[in-house]
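The next block holds one structure in the form of structure tokens; read it before the comments.
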Amino acid sequence: MLESQDLTIRFGGHVAVDHVSCAFEPGTLTAIVGPNGAGKTTFFNLVSGQLRASEGWVRLNGVDITNEPVSQRTHRGLGRAFQLTQLFPNLSVLENVRLAVQSRRKLGLDLWRVWLDHHGTLARARELLDRVALGDRARATASSLPHGDQRKLEVAMLIALEPSVYMFDEPTAGMSTADVPVILDLIRGLKAEADKTILLVEHKMDVVRELADRIVVLHNGKLVADGEPEAVIASPVVQEAYLGLAPAAEPA
């Protein structure tokens, strides 16, 4: 469904992502891990269109999207949640999700169609808020929500777009222990949909172990490991250099 080939970006003399080639299949969740500065978020930015590649290409469902803007990639089915929330801070929680639903239904600025679909759009928005446990905060402004609730709101907006590819960049970062299960349950539910592809940047290895079908490890912008979670995590070079874990002792 999603593929990168020799994807590279340079900032001056620094190569932040260095010829990364990966293919991601429907019905799978791939965790992208590595130390700080490894190039994980930069790779996400190249795939989702926030950055323009110096070399290489990205394809979605066989279509070359390398030079397409973020908006076009979104309409093609590429959905992205960020490390820092991307919300309309002065609008209500409900309005944030309603706008995402309206965008998915391609109502745009056609006020007549927006009015005709008003009740359906609001009903879908409320359904999504209930799904992320924010139904009781619908009238609150987005900026008034605590960080954990803002993350849940962003996930609701992402689901409203109904993408075929979900990209989560540290979705549980900064969240309270009580909030984390809500996000993880949502991701589990999306993973259960066999036609969805999920990419997850995550530092918490317990989350990676639980959710991932596959782990890709980046270091200094290069892909250094790619495979099933147990094999990748057990690799001594990954444990020592990339995950910060002590390697298992060899039997005597």
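The values are calculated or read from the model by the stated rules, or taken from the named source; none is laboratory data. Nothing here was measured: the structure is a model prediction, and the numbers come from that model. When we count neighbours, we look across all protein chains shown, and the Cβ atoms used for this are built from the backbone with ideal geometry, even at glycine. Heads up: the accessible areas ignore ligands, DNA and RNA and are worked out on the full protein's heavy atoms, side chains in. Shrake-Rupley method; radii C 1.70, N 1.55, O 1.52, S 1.80 Å.
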With every protein chain in place, the chain: carbon and sulfur % of accessible area (1.4 Å): 52
Trypsin sites (Lys or Arg not before Pro) restricted to DSSP loop in region 10-69 with at most 16 other C-beta within 10 Å: 52
Helical mean residue ellipticity (222 nm; -39500 (n - 2.57) per DSSP H run of 4+; nearest 500) of the chain: -10000 deg cm²/dmol
Dipole moment magnitude, nearest 20 debye, region 138-220 about Cα centre, only Lys, Arg, Asp, Glu C-beta charged: 60
Estimated distance in nm for a label pair at residue 19 and residue 119, the labels positioned 7 Å out from Cα along Cα-to-Cβ: 6.1
Full-stretch length increase - residue 193, residue 139 - with 0.36 nm per residue and alpha-carbon distance subtracted: 16.4 nm
Residue 67/residue 209 FRET efficiency (R0 25 Å; Cβ-Cβ; nearest 0.05): 0.10
Efficiency of FRET between residue 75 and residue 6 - r from beta-carbon atoms, R0 35 angstrom, step 0.05: 0.85
Surface per residue (accessible, 1.4 Å probe) for the chain, Å²: 48
Among [x] 1.06; [y] 0.97; [z] 1.16, the entry derived from the coordinates for Cα Rg over 2.2 N^0.38 Å: [x]
Between helix 180-191 and the chain: long-axis angle, C-alpha atoms, 0 to 90°, nearest 10: 90
Sites residue 228 and residue 185, calculated FRET efficiency, Cβ-Cβ separation with R0 22 Å, nearest 0.05: 0.40
Packing-based ranking, highest mean first, of 155-162, 69-76, 184-191 given that Cβ atoms within 10 Å are counted: 155-162, 184-191, 69-76
Value of Rg/Rh across region 1-49 [Cα atoms, Kirkwood radius]: 0.98
